[in-house]
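Here the structure is laid out as structure tokens; the discussion comes afterwards.
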Amino acid sequence: MPETPETFGSSDSTDVLVIGAGLAGLVAAVEAADAGKRVIVVDQEPGASLGGQAWWSFGGLFMVDSPEQRRMGVHDSAELALADWLGSAGFDRDEDYWPRQWAHGFVDFASGELRGWLRELGVKVFPVVQWAERGGYQAAGDSLLETAHGNSVPRFHVVWGTGPGLLAPFVRRAQQHLRDGRLQLRFRHRVTELLTDTGDAAAVTGARGEILAESAAARGERSSREVAGEFVIAAGVTVVSSGGIGANHDLVRANWPVGYGDPPAEMISGVPDSTDGLMLGVAQRAGGRLINSDRMWHYPEGVVNHSPVWSNHGIRILAGPSSLWLDATGRRLPSPLFPGFDALGALREVTASGHAHSWFVLNSAIIGPEFALSGSEQNPDLTGKSVVQLAKSRLGKGPTAAVQAFVDGGVDFVTADTVAELAGKMNELGGGQLIDAGELERVIVARDLQVRSGLGKDPQIAAVAAARRFRGDRMMRIADDGELLDPRKGPLIAVRLHVLTRKTLGGLETDLTGAVRRSDGSVLDGLLAAGEAAGFGGGGMHGYRALEGTFLGGCLLSGRVAGRTAGRS
């Protein structure tokens, strides 16, 4: 998409200034432009990175009681979804007032107009609904309105076209507004200060910043921070939609939550370098209230990308429930910390142990149906909307080509014919003698005995059996019953798992109009926030835990709210 002239006429001012050209920012910009406002969007990255993190996403959306769910025999409701949400969020702070209101609003959105609104824009979803964050805890929560953590039913709807497919209609709308002269996109513009007027209740009146040198960096690649100039833009309304802190490991460590041990000395990044969190500090210095900064959403199932695009580039494994999950010493993670059940609980178990990694142990019969990878580029069949490619890659016996590339060329995968050989390779890769071959064999044999019984008392085996009751899992996500040591299903595979930084769950406190609040609870006039910068709504609508599919959805809702508020201003 081409850049537009530097100014509207002779003055560098606009009705609406949007800081950040990711999904939330694009939604806010086009909604404001639809209302007739003049809009400038600034972003520190080159134009190649338009769409931000959303372009790289798997495209999962949390929807409730959808036609896709009903066709698969899933009985869902807004009441059940809200109970799951509140049980997962665990709101327990005074500053959770607005996040709680946003949580209620988002569940209403996900069970109401989200799907229809997207279909009007040409966005469709894959017909097989996925079951993310299954929880596995007792259903009773802390109140009549809550369950415990996790999705009681499958709700993860993958966009046909993944992240790029979700971005496409908003990019098209932006292009039309560009042609009509209502919108400008200014790349390589990094905001360093929000302008405020004088007085006791100073309002935000625009932004000042640096024009960065032109960069040929491709999408997602780290770009130069060489300064080539300065800019000032006056605006009636400013929207902060600049993302979170996931690539800034110093900020991640500084905000690391209590009870999770020391932050790992080594982490990998699930987001590009531009996700640096610096704009959150800029907004805070202008008077905005930043809340719940210790609430973050990082994954314990990351692997180093064999073909990195950004610094410390990692990919999350989306695993089915059959793999054994072991800590760095070979100890099995406690129930219900099985693959795909409780990401944050597993993260806490891993990091509190004092080690930075854990392991999946499985075999070749499991990796085919049960291993997928997060990200649009790791799923070319879904991203390219190819039914033929999808059938070839997902319905066969072996792993997808993307998964096989990690098995063959990734640094975190080892294979072996015997447990002793596998333990030796795990120790070599892990850098120590933490895995005892005899103890590893004992754990695997105990698991296999449970499988061989046909029933068993092991809670993971019971959870796998329960998952098979859902048609979507039977079709695409669950391996056939089998023993790990069955030679016909070999070789054995171990995968070293790293902590993968991803999402900021806290953020700028916003009310239901998207207006940023001050520390005294009053509105900071002239400033709105959306997307991850706003904790996806309110300053943290997820609370402590997310149910998945809610990050893109949160960008859509909070971006739309902010854009429509700006359009009415």
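Keeping the other protein chains in place, figure out the carbon and sulfur percent of the accessible area of the chain, with a 1.4 Å probe.
C and S fraction of accessible area: 51 percent.
Kirkwood hydrodynamic radius, computed over distinct alpha-carbon pairs, for the chain: how many Å, to one decimal?
By the Kirkwood definition, the hydrodynamic radius is 24.1 Å.
Report the convex hull volume per residue for segment 32-80, counting only C-alpha atoms, in Å³.
Spread over its residues, the Cα hull of segment 32-80 gives 167 Å³ apiece.
For segment 188-267, with equal point scatterers placed on the C-alpha atoms only and solvent neglected, what are the log10 I(q)/I(0) values from the Debye formula at q = 0.11, 0.19, 0.26 1/Å, to two decimals?
Computed log10 I(q)/I(0) values: -0.50, -0.98, -1.19.
For the chain: lysine pairs with Cα atoms under 28 Å, gap of 8 or more or different chains, count?
11
For Cα pairs less than 8 Å apart in space and 6+ apart in sequence, what is the mean separation divided by the residue count of segment 448-569, i.e. the relative contact order in percent?
Dividing the mean separation by the residue count of segment 448-569 yields 18 percent.
Would you work out if segment 463-551 is rounded, prolate or oblate? Take a ≥ b ≥ c from the square roots of the eigenvalues of the alpha-carbon gyration tensor; rounded if a/c is under 1.5, else prolate when a/b is larger than b/c, oblate otherwise. Walk me through the intermediate numbers first.
Values: a/c = 5.01, a/b = 2.91, b/c = 1.72.
Verdict is prolate for segment 463-551.
Note the direction-averaged projected area, equal to a quarter of the hull surface, for the Cα convex hull of segment 77-140, in nm².
Mean shadow area of the hull around the Cα atoms is 5.7 nm².
Over segment 312-373, what is the relative contact order in whole percent, taking alpha-carbon pairs under 8 Å and six or more residues apart?
Contact order relative to length: 47 percent.
Per residue of segment 358-363, what does 6.51 cos²θ - 1.76 cosθ + 1.60 with θ = phi - 60° give for ³J(HN,Hα)? Whole Hz please, x for Gly and Pro, Karplus curve as stated.
With the stated coefficients, segment 358-363 comes to 9, 9, 9, 10, 7, 9 Hz.
I'm a student and want to see the number: the projected area of the Cα convex hull of segment 243-294, averaged over all directions, in nm².
Mean shadow area of the hull around the Cα atoms is 3.9 nm².
Going highest first, how would you order 205-213, 42-50 by mean Cβ packing within 10 Å? Please list the in-between numbers first.
Working: 205-213: 19.4, 42-50: 22.0.
Output ranking for 205-213, 42-50: 42-50, 205-213.
Please work out how much accessible surface HIS357 shows to a 1.4 Å probe, ignoring ligands, DNA and RNA, in Å² rounded to 10.
30 Å²
Over the chain, what is the mean sequence separation of C-alpha contacts under 8 Å (at least six apart), divided by residue count, expressed as relative contact order in percent?
On the way: 1386 pairs, mean separation 129.7, N = 569.
Normalised by residue count, the contact order of the chain is 23 percent.
Report, in deg cm²/dmol and to the nearest 500, the calculated mean residue ellipticity at 222 nm for the chain, where each DSSP H run with n ≥ 4 adds -39500 (n - 2.57) and the sum is divided by the residue count.
Here the helix-only value at 222 nm equals -10000 deg cm²/dmol.
With the other protein chains left in place, how much accessible area per residue, in square angstrom, belongs to the chain at a 1.4 angstrom probe?
38 Å²
The values are calculated or read from the model by the stated rules, or taken from the named source; none is laboratory data. Every value quoted in this text rests on a predicted model; they were computed, and no experiment measured them. In this analysis, Cβ positions are derived from the backbone assuming ideal geometry, glycine residues included, and neighbour counts consider all displayed protein chains. Calculation scope for accessible area: heavy atoms of the full protein, side chains included, ligands and nucleic acids excluded. Shrake-Rupley method; radii C 1.70, N 1.55, O 1.52, S 1.80 Å.
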